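The values are calculated or read from the model by the stated rules, or taken from the named source; none is laboratory data. Everything quoted here is computed from the prediction, not taken from an experiment. Note that we place each Cβ from the backbone using ideal geometry, even for glycine, and neighbour counts take in every protein chain shown. In case anyone asks, the SASA skips ligands and DNA or RNA and just uses the protein heavy atoms, side chains included. Shrake-Rupley method; radii C 1.70, N 1.55, O 1.52, S 1.80 Å.
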Amino acid sequence: MLKLTRVNQLRASYIRFVAQATSATSNEYSCQPEYPPIRDLTHKALKRREANDWHEEIRQVPTVEEKIIKVNMPRYYGYKVVDFNDNKIPYNALPVTQHYTRTVLKELPLLSADENETSEFSSDAFLKTARDDIIDALELAHDFYNHQATLPDVAPSDSVNRERQLTQIIVEQLNRALLQILSADYPHLNGVEVDYNPRHEAFWAVGGVDPPKNVVKSKKGRDWQKDVASESVDRLVQYTGAPYLSLRHRQQLCPWMTEGESKIMDPHARHLPRFNHDARTLGYRTSYQHAVNVPGYWPSANGANFGLLSFQSRASLQMRHKAYGDRDLQEALHALAIKSSYAWLLAQANYNGFNTYNDLTYPMNTQTVITNGREWSFYEYQLNTLLLHSNQVNENPRVNFCRGTPPLPLYAEISEKGKCVDFNDVTLKQLLRVYMNVPKVERIGNELHPYVTARTSDYENKHQRDFIDKTFKYLCSKRPRHLELPEIYLWEKLYKIDHKTRAMEAKRRFFELELNPWRRTLEKHDKEYLPRAVRLGGRKNRKDRFKKTFYP
């Protein structure tokens, strides 16, 4: 017979068991039904979720250098990109440029001398001093160019390079004169950084483009992709340019469009053209390279990281056919201003942690001048969004803005005696305004770098710091890989793929082994061998034979 204490123990255990079961049962049920989320399991939805996850991984990467490496991770040999540059502007290039940069263009009318008069130039002495100094700089530039033209090793042979050489001298002389004239009254010019022929490169993705024929044919050959064979695809774009001169400052220019004005919900009110055709139909070329974003300088914490002004060349436009007309020439200037301004701001935004998959949290502005020395076009650009890929081309309400003037002549000619003829004060005033535009916006901390949580120099592991720095600079250098991209030769296409006539030959080629070189990712390479003498632990360490990699 059980003792009384034992019975009490069993009774207490039973009461606890019943209480736990009751609480568990009560937690299993709720007043309102709670269902798991219904997820679309189609191939298109799965690919979209994978892309969103990858974009989130890029955003979570802590440093700027690692973000660029992360963007290049899927391709060992680089991406197939549309080659945008500042030298080639084909016929009817403005619609594709606006679509590929999501830019709304506004043309400013020409102003007369009376309409252009403002309180800024009320002092005749100040304007006269600036006018005399600019004329002296123009005459000095032409004298120096004429002297160079007599040297056989220096003088270029074609008209395009001759114009580039003359304009380079004029822009440098005018910039020197304007900085000297305005620095005393406008202190922000004392803190600008001047870059001569800087390297401007930018990478981004654009949606809403018709798929190529080979992609359509490949999808139609699969039953589960027939319905989406004609849907639009993304195009990757790489811009490469080198302006005559650019100015940078620690602070940003003030935006001239508010956040509400930059969001245009009605697609018909955007005045934003759609160019669905492949850019190669206009004459653009494609190439293979890694994604590169370089605004003309290396990333720095407290440097002059915001563009104030850039001078672009229009020398290549003199080779355009006269049958295109004056209107197409004006559109070519607009297209050059849009893509050069967008690419420069995108590269600057990349150093602040943003990219084509992680959108801006604040606007960025710059000024662009396109000139051949005699005629000058002035533009202002405001970057509001970077999301142009996939469905964002239709769903993103924000757009970028550009406004500019037609070409304004600064002078008519330089006489045989070396004197400037018919100097235009209206163009001078517009040029002065560009330099007088004071950058006032200053952002620090999380507002400036919301997606950057660390710097490479913060890592304690020196091998990790060296690896990230070396990989980042190797990608930006655009050097080719040690082994070239595998290709299928014509005789192999004929005798091995189309007609299998070499059945007894050993199968060693990548297409015979069912290997896709484009699926090779950035980290799939042989690691660098580490001699035992320099291994951690000395010669006795037989395990760490290769250097560690620190890919994000």
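With the cut-off at 1.5 for a/c, could you classify segment 206-267 from its C-alpha gyration tensor as rounded, prolate or oblate? Oblate, since a/c reaches 1.5 and b/c is not below a/b. Counting only DSSP beta bridges whose two residues both lie in the chain, roughly 75 percent are antiparallel. Beta bridges per DSSP, both residues in segment 304-421: antiparallel share near 80 percent. Placing unit charges on each Cβ (+1 for Lys and Arg, -1 for Asp and Glu) gives the chain a dipole about its Cα centre, and among Asn175, Trp344, Val61 the Cα reaching farthest toward its positive end belongs to Val61.
Relative contact order, whole percent, for the chain stands at 23, derived from Cα pairs under 8 Å and 6 or more residues apart.
With contributions of -39500 (n - 2.57) from each DSSP H run of at least four residues, the per-residue ellipticity at 222 nm computed over the chain stands at -10500 deg cm²/dmol.
Cross-link partners for Lys47 among the aspartates and glutamates, with Cα-Cα distance under 16 Å and sequence neighbours closer than 8 places in the same chain left out: Glu56, Glu57, Asp227, Glu231, Asp234. If the limit is 26 Å between Cα atoms, which of Lys213/Lys478; Lys462/Lys540; Lys70/Lys213; Lys70/Lys470; Lys70/Lys496 go over it? Check vs 26 Å cut-off fails for Lys213/Lys478; Lys70/Lys213; Lys70/Lys496.
Within the straight-line cut-off of under 19 Å between alpha carbons, the lysines reachable from Lys44 are Lys217, Lys219, Lys220, Lys226, sequence neighbours fewer than 8 places apart in one chain being disregarded.
Of the trypsin sites (Lys or Arg not before Pro) found in segment 505-552, the ones in coil according to DSSP and having at most 10 other Cβ atoms within 10 Å of their Cβ are Arg508, Lys524, Arg542, Lys543. Over the chain, the fraction of Cα-Cα pairs per 20 Å bin, rounded to whole percents and listed from the shortest bin up, is 17, 43, 26, 10, 3, 1, 0.
On segment 482-547, 54 percent of the accessible area sits on carbon and sulfur atoms, based on a 1.4 Å probe. About the centre of its Cα atoms, the chain shows a dipole size close to 4280 debye [charges on the beta carbon of Lys, Arg (+1) and Asp, Glu (-1) only; nearest 20 debye].
Counting only lysines at least 8 places from Lys419 when in the same chain, those with an alpha carbon closer than 19 Å to its own are Lys128. When you filter the trypsin sites (Lys or Arg not before Pro) in segment 226-297 for DSSP loop state and at most 12 other Cβ atoms inside 10 Å of their Cβ, you are left with Arg285.
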